[in-house]
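Trainee: The structure follows.
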């Protein structure tokens with residue numbers, strides 16, 4: 001015989017189920033492994049390519065999507081200014097960001113992959129050469145090869161020919177280094193505008209990832225006006241760090257994800273210079 005207690009028990013269970021459904025629905029990153037990956041809101045071929053305002057393809061999108069699929073993560077990509085990405089992930093409003101160079105300061109804020117058997121998983125190797133105007137002050141008499149060597153940019157040598165200053169994307173490690181060397185121009189330009197300013201002779205040079213530089217120079221049809229240093233101003237690895245809250249909840253899942261990123265990149269056989 002059904003009692004009022006049984007009825008009340010079923011009602012309580014339904015209430016609990018409804019509450020959990022709402023809870024699950026509003027917190028998919030925790031319960032369904034859906035994670036928001038923030039990236040630069042710039043068209044940066046061949047890494048990130050936009051169509052109708054959405055990043056639809058590119059090397060990094062492909063590698064991360066593949067690694068996420070292998071580990072059961074439902075990856076959602078969100079485009080923001082790079083500094084905004086860092087803020088959103090730091091605040092826990094998004095779970096991860098790419099592509100980031102690891103520094104001691106950033107390691108205090110974000111969770112990067114650790115070393116296993118002496119090696120650290122990573123997303124990509126990157127070089128940041130200096131792009132200057134062809135036959136301009138920094139290119140004449142083979143000056144570019146003495147300005148940027150295997151040791152990086154020679155700020156003292158550059159000072160001899162400085163006119164407008166140099167540029168790099170804001171929020172990037174190469175930009176921070178240029179600031180420390182006191183070689184930045186008064187105005188800071190995003191990549192496309194920066195390259196155009198160099199071609200116009202209104203900026204001495206611009207440093208950005210080599211593959212992105214090649215793609216943008218070709219896209220802007222500036223190949224006859226710009227030249228890129230052989231040696232990089234900066235060479236480093238890119239990573240996909242997470243905020244610490246997410247990592248603490250899913251350490252094993254994220255470690256597997258990093259390993260899958262490493263395998264996917266290795267399968268692509270991409271070098272830093274991509275010759």
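The values are calculated or read from the model by the stated rules, or taken from the named source; none is laboratory data. Keep in mind that this is a model prediction, so the values were computed, not measured. Cβ sites come from the backbone with ideal geometry, for glycine too, and all protein chains shown count toward neighbours.
Trainee: Got a number for residues in segment 183-229 being more than 21 Å from residue 101 (Cβ to Cβ), without any contact (Cβ under 8 Å) to a residue 40 or more places away in the chain and not in a helix (DSSP H, G or I)?
Mentor: Residues that pass the stated criteria total 10.
Trainee: For segment 113-164, which positions are closer than 30 Å to residue 247 by Cβ and in a strand (DSSP E or B)? Let's see the steps before the verdict.
Mentor: Step one: of segment 113-164, the residues closer than 30 Å to residue 247 by Cβ are 113-128.
If the condition is that a residue be closer than 30 Å to residue 247 by Cβ and in a strand (DSSP E or B), then 116, 119, 124, 125, 126, 127, 128 are the ones that fit.
Trainee: When you look at residue 106, is it in the same structural domain as residue 262 (by TED's automatic domain parsing), surrounded by fewer than 20 Cβ atoms within 10 Å (Cβ to Cβ) and in a helix (DSSP H, G or I), yes or no?
Mentor: Working: in the same structural domain as residue 262 (by TED's automatic domain parsing): yes; surrounded by fewer than 20 Cβ atoms within 10 Å (Cβ to Cβ): yes; in a helix (DSSP H, G or I): yes.
Considered against the rule, which asks whether it is in the same structural domain as residue 262 (by TED's automatic domain parsing), surrounded by fewer than 20 Cβ atoms within 10 Å (Cβ to Cβ) and in a helix (DSSP H, G or I), residue 106 comes out as yes.
Trainee: Which of the residues that make up segment 256-266 are surrounded by fewer than 16 Cβ atoms within 10 Å (Cβ to Cβ) and in contact with a helix residue (DSSP H, G or I) (Cβ under 9 Å, 6 or more places away or on another chain)? Let's see the steps before the verdict.
Mentor: The first filter runs over segment 256-266 and keeps only residues surrounded by fewer than 16 Cβ atoms within 10 Å (Cβ to Cβ), leaving 263, 266.
The one that is surrounded by fewer than 16 Cβ atoms within 10 Å (Cβ to Cβ) and in contact with a helix residue (DSSP H, G or I) (Cβ under 9 Å, 6 or more places away or on another chain): 263.
Trainee: Sticking with this one: Looking only at segment 186-195, decide whether some residue is in the same structural domain as residue 228 (by TED's automatic domain parsing), in contact with a strand residue (DSSP E or B) (Cβ under 7 Å, 6 or more places away or on another chain), modelled with pLDDT of 95 or more and surrounded by 21 or more Cβ atoms within 10 Å (Cβ to Cβ).
Mentor: Checked against the condition, which is being in the same structural domain as residue 228 (by TED's automatic domain parsing), in contact with a strand residue (DSSP E or B) (Cβ under 7 Å, 6 or more places away or on another chain), modelled with pLDDT of 95 or more and surrounded by 21 or more Cβ atoms within 10 Å (Cβ to Cβ), segment 186-195 yields at least one hit.
Trainee: Name the residue, out of 113, 137, that is under 21 Å from the mean Cα position of the chain (by Cα) and either surrounded by fewer than 18 Cβ atoms within 10 Å (Cβ to Cβ) or in contact (Cβ under 8 Å) with a residue 12 or more places away in the chain (or both). Even if it seems obvious, please write down each step before you answer.
Mentor: Values: 137 fails: under 21 Å from the mean Cα position of the chain (by Cα).
Unique residue meeting the criteria: 113.
Trainee: To continue, here is another question. Give me the helices (runs of 4 or more DSSP H) completely within segment 1-71, filtered to those with at least 3 residues that are within 20 Å of the chain's Cα centre (by Cα) and modelled with pLDDT of 50 or more, ordered by residue number.
Mentor: On the way: elements: 4-26, 28-31, 59-71.
Of the helices (runs of 4 or more DSSP H) lying wholly inside segment 1-71, those with at least 3 residues that are within 20 Å of the chain's Cα centre (by Cα) and modelled with pLDDT of 50 or more span 59-71.
Trainee: Which ones in segment 238-256 are in a helix (DSSP H, G or I) and touching a residue at least 12 places away in the same chain (Cβ under 8 Å)? Outline the logic, then answer.
Mentor: So in segment 238-256, the residues in a helix (DSSP H, G or I) come out as 244-249, 251-256.
Those that are in a helix (DSSP H, G or I) and touching a residue at least 12 places away in the same chain (Cβ under 8 Å): 244, 245, 246, 247, 249, 253, 254, 255, 256.
Trainee: Given the criteria in contact (Cβ under 8 Å) with a residue 40 or more places away in the chain, assigned to a strand (DSSP E or B) and either closer than 28 Å to residue 63 by Cα or assigned by TED's automatic domain parsing to the domain that holds residue 258 (or both), does residue 174 qualify? Even if it seems obvious, please write down each step before you answer.
Mentor: On the way: in contact (Cβ under 8 Å) with a residue 40 or more places away in the chain: yes; assigned to a strand (DSSP E or B): no; either closer than 28 Å to residue 63 by Cα or assigned by TED's automatic domain parsing to the domain that holds residue 258 (or both): yes.
No, not satisfied.
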